[in-house]
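Below: one structure, written as structure tokens.
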Amino acid sequence: MIEQLGKYRIDSILGTGAMGVVYKAYDSNIARVVALKTIRAELFGDHQEAELVARFKNEAQASGRLSHPNIVAVYDYGETPETTYIAMEFVEGASLSSLLVAGTPMDLNATITCMSQLLRALEYAHARGVVHRDIKPANLLITSDAQVKITDFGIARIESSTLTQTGSVIGTPSYMSPEQFRGETVDGRTDVFASGIVLYQLLTGSRPFVGSASTVMHQIMNEMPVNPSERNPALSKTFDHIISRALAKRPEDRFPSAQAFLETLTEAHLEYTGGAPLTEEDNERTILAFQRPASKDVHKDAQENSHRGSQAHVSQPGMTARHTDSGVARTQPTTFSASTVTPWKLEVMPDLQVALSTQVGPMAKLLLKNAAAQAVDVDDLCNKLLPHIPSEKGRTQFLESARAIKKKLGISTLSSLSGSRPPTASSGTSMHSAIGATQAGHTGMSSTQLPLDQTIMDATEKKLTPYIGPIAKVMVKRAAKATANRHEFFRILAENLTTEQERLRFLHEVGEL
């Protein structure tokens, strides 16, 4: 690894791609950490290198004229005999594409938060003559506090720019507008179209246009996608109308601006919530929704590992944070024994995860995996998940979904499906009585009331963070809302840990063992 590039001290490699390397670097002149994006000139011919350098300059010029909290700032452009580079804002976070779970909608509040920031940033850029032309989840960075940052203006169209001319086709096929495929001159409504695709993906967990490049092009040019409400029945049909307008084939039939798109989307969300403003709990759920999800599927992994003997382990990336040299928190795999993934769990977990995700967002996968490791039947599993659903209405909806899943599978209790041990007295609690028990927990009803003051919560957060990372703060708040009993408080938090060893160690650290 090189040690210096221009005036920048190279500290580490953030990523390596086909075109170049991105470094974490330090500008000692103004004591600022930056990300350096470079071109690997030796990999390209003179013509290709000239085109890439032109795009680099275009990115620097496009981003350089923009100063907005939701746009990654570009500080500097430079060339050396060996390479060309851009110095830009160093963002600790992850791309939106890495946070999405296929087939699982994003939490609606998180969706609105993300889209609001995206559309405000686009309105700002368009007003200054910059059209991004490649809006997609991979180009949207999400920080740990759920702030959105648009990056990669390499193919942006700038007013008066001669980099790209009418007749050129450029962009990412699945997110391109019809006029981009036709090679026509584009304006801000092209970014509106791409933003509509991102919104559709957040609302449904699926892209509206899929297939080969030629198939996607045909769909975008000629077909409208399935309405979001058909893929996610929890959605109001108002969102169908918003998507239909954002993805209109003709630019003049779309929202005329990102601001108009934003205003209509905001109105639809207020209608959905009955005009209620976002609460602190809503904001916490948004932060949770933007945590990095598990990269593998419990159902698939368990099936693959079931053929490898009783000592096999199912790799399950959890929320245990480790800090890399780049300073970006990365989640590391945690494991649980494949023997805990019994046949009934394999049968119900995919459907149950979808039902839970509509209430708690992408955290559903982690919560479900941890609860399933100890559950003996469906009812027991649902009872363990209920405390993580913040509202009574949400708990009711989840239990209704669970009953529908059991009906679909033709079972009354899961022990009959698994052919294993019957439910214990505690797990035999019916799902009808589970809500009452959960509500009692939320009112802090307990024979032993030990106050949970801020000092205890802060100390607990510090002890929990090494296990699950930055979301410890949110989990501590949630557990404190669920119970005022200190012992129950620690028990709820321990359930979020993946292995029995971690749970015991945590309880020992907080003085519960």
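Of everything listed in (1) under 23 Å from the mean Cα position of the chain (by Cα); (2) aliphatic (A, V, I, L, M); (3) outside any strand (DSSP E or B), the single unmet condition for residue 94 is (3). When restricted to residues that are assigned to a helix (DSSP H, G or I) and either closer than 19 Å to residue 499 by Cα or touching a Gly at 6+ places or on another chain (Cβ under 6 Å) (or both), the stretch 370-386 contains 7.
On the given criteria, is residue 247 of a type in the set (A, V, I, L, M, F, W, C), in contact with a Phe, Trp or Tyr (Cβ under 7 Å, 6 or more places away or on another chain) and modelled with pLDDT of 95 or more? The answer is yes for residue 247. Looking only at residues of the stretch 472-481 that are hydrophobic (A, V, I, L, M, F, W, C) and surrounded by fewer than 22 Cβ atoms within 10 Å (Cβ to Cβ), we find that the one that is nearest to residue 512 (Cα to Cα) is 480. Summed over the stretch 114-134, the residues that are farther than 19 Å from residue 77 by Cβ, at pLDDT below 95 and aliphatic (A, V, I, L, M) give a count of 2.
State all residues of the stretch 173-218 that are among the polar types (S, T, N, Q), closer than 22 Å to residue 257 by Cβ and surrounded by fewer than 19 Cβ atoms within 10 Å (Cβ to Cβ); if no residue qualifies, say none. Hit for the stretch 173-218 is 185, nothing else. Only residues that are in contact with a helix residue (DSSP H, G or I) (Cβ under 6 Å, 6 or more places away or on another chain) and under 19 Å from residue 138 (Cβ atoms) were counted in the stretch 207-219, giving 5. Looking only at the stretch 207-244, how many residues end up being assigned to a loop (DSSP other than H, G, I, E, B), at pLDDT 95 or above and either under 24 Å from the mean Cα position of the chain (by Cα) or not assigned by TED's automatic domain parsing to the domain that holds residue 260 (or both)? Of the residues in the stretch 207-244, 6 are assigned to a loop (DSSP other than H, G, I, E, B), at pLDDT 95 or above and either under 24 Å from the mean Cα position of the chain (by Cα) or not assigned by TED's automatic domain parsing to the domain that holds residue 260 (or both).
Scanning the stretch 492-505 for residues that are under 27 Å from the mean Cα position of the chain (by Cα) and assigned to a helix (DSSP H, G or I), we see that the one that is nearest to residue 472 (Cα to Cα) is 493. For the stretch 58-76, a tally of residues being modelled with pLDDT under 85 and either part of a helix (DSSP H, G or I) or under 20 Å from residue 23 (Cβ atoms) (or both) returns 7. Scanning the stretch 473-486 for residues that are of a type outside the set (Val, Ile, Thr) and closer than 18 Å to residue 93 by Cβ yields one hit, 473. Within the stretch 1-27, can you find the residues that are outside any strand (DSSP E or B) and either aromatic (Phe, Trp, Tyr) or closer than 14 Å to residue 75 by Cα (or both)? 6, 7 - these are the residues of the stretch 1-27 that are outside any strand (DSSP E or B) and either aromatic (Phe, Trp, Tyr) or closer than 14 Å to residue 75 by Cα (or both).
The values are calculated or read from the model by the stated rules, or taken from the named source; none is laboratory data. Keep in mind that what you see is a predicted model, and the values were worked out from it rather than measured. No Cβ is skipped: glycine too gets one built from the backbone with ideal geometry, and neighbour counts run over all protein chains shown.
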